[in-house]
1. Looking at (1) aliphatic (A, V, I, L, M); (2) farther than 30 Å from residue 238 by Cα; (3) at pLDDT below 90, which is the only condition residue 125 fails?
2. Determine the pairs where a residue that is on the phi > 0 side of the Ramachandran plot, located within the stretch 139-165, has a partner that is in a loop (DSSP other than H, G, I, E, B) and surrounded by fewer than 10 Cβ atoms within 10 Å (Cβ to Cβ) with Cβ atoms under 9 Å apart, the partner being 6 or more residues away or on another chain.
3. Go through (1) surrounded by 10 or more Cβ atoms within 10 Å (Cβ to Cβ); (2) touching a strand residue (DSSP E or B) at 6+ places or on another chain (Cβ under 8 Å); (3) of a type in the set (A, V, I, L, M, F, W, C) one by one and return the number of the condition residue 150 breaks.
4. If residue 133 passes every condition in (1) surrounded by 10 or more Cβ atoms within 10 Å (Cβ to Cβ); (2) outside any loop (DSSP other than H, G, I, E, B) but one, which one does it miss?
5. Being at pLDDT 90 or above, over 30 Å from residue 236 (Cβ atoms) and either over 40 Å from the mean Cα position of the chain (by Cα) or surrounded by 10 or more Cβ atoms within 10 Å (Cβ to Cβ) (or both) is the requirement here; does residue 145 meet it?
6. Report, ordered by the first and then the second residue, all pairs with beta carbons closer than 6 Å, sequence separation of six or more or different chains, a first member in the stretch 208-220 that is in a strand (DSSP E or B), and a second member that is of a type in the set (A, V, I, L, M) and loosely packed, with under 10 Cβ neighbours inside 10 Å.
7. Assess whether residue 34 counts as being at pLDDT 70 or above and part of a helix (DSSP H, G or I).
Amino acid sequence: MAKTIINLSDPVSTLVSKTNIISNHLGDITQLNVGSANDSDIVQAINFVNGIVQKTDSAGIINLIDSNYVQARQTGIARSSTLAFFIKDSANGIGLDSSEGRFFIPSNTINTAMIESTAITTAKIAGSAVDGTKIAADAVDGTKIADSSINSEHYVNGSIDREHLAGDIIDGTKIADDVINSEHYVAGSIDSDHLASNSVTQIKIADDAVGSAELKSLSTLLIKDSSGTTLKTIHGAGA
């Protein structure tokens, strides 16, 4: 809009017309709504508003929003409703702590809909925050378990059965002394290779168990009567 200029050569009628135009552009000073102490002239009114705008504390911001001078408005929403968005502890709103001069997010107002997928990274999870209640059943496989990290205290008694043992995994170091008895041997499974030298003594031989066939270099003594009839046969080890 071009400036309205009054020239010395203008007639009185033009002076009146241009003065009225300037007055209309300036407005009615009585319409200033900045308080009786600041409505006597434009300069005081501007200085008053400028002082409010330059305030940095939250109380001043609230006053600016809730004032009769500057109103935060939105189509269909009244000034009081707009102000409520900034009230402390308003649901899903921005909290305003006037005593500290700061905005904040009220407790218990952030829900899952406000968090983007994959936004929570490992660094955002507190130590020991993930326990058994946060792990789905059958969700942990071998790729998530560090080598040599599982020890005996993590096994339920009786949870390891034969199906979980590799073939030939049990050797002598895993068997306690004096725990294997005869019920664990297959009949006929112990042969001479598995007997220690001199391990078969007299107490290990049953009565009437050794016959002539078991004697090395068999020697036989026949006792006969005068007619040549054998009365007794005696077998012994070789001469």
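1. With respect to (1) aliphatic (A, V, I, L, M); (2) farther than 30 Å from residue 238 by Cα; (3) at pLDDT below 90, residue 125 is out only on (3).
2. none
3. Among (1) surrounded by 10 or more Cβ atoms within 10 Å (Cβ to Cβ); (2) touching a strand residue (DSSP E or B) at 6+ places or on another chain (Cβ under 8 Å); (3) of a type in the set (A, V, I, L, M, F, W, C), residue 150 violates only (2).
4. Condition not satisfied by residue 133: (1).
5. yes
6. Note: pairs meeting the criteria are 219/239.
7. The answer is no for residue 34.
The values are calculated or read from the model by the stated rules, or taken from the named source; none is laboratory data. In this text, all values refer to a predicted model and were calculated from it rather than measured experimentally. Don't worry about glycine lacking a Cβ; one is built from the backbone with ideal geometry, like all the others, and counts go over all protein chains shown.
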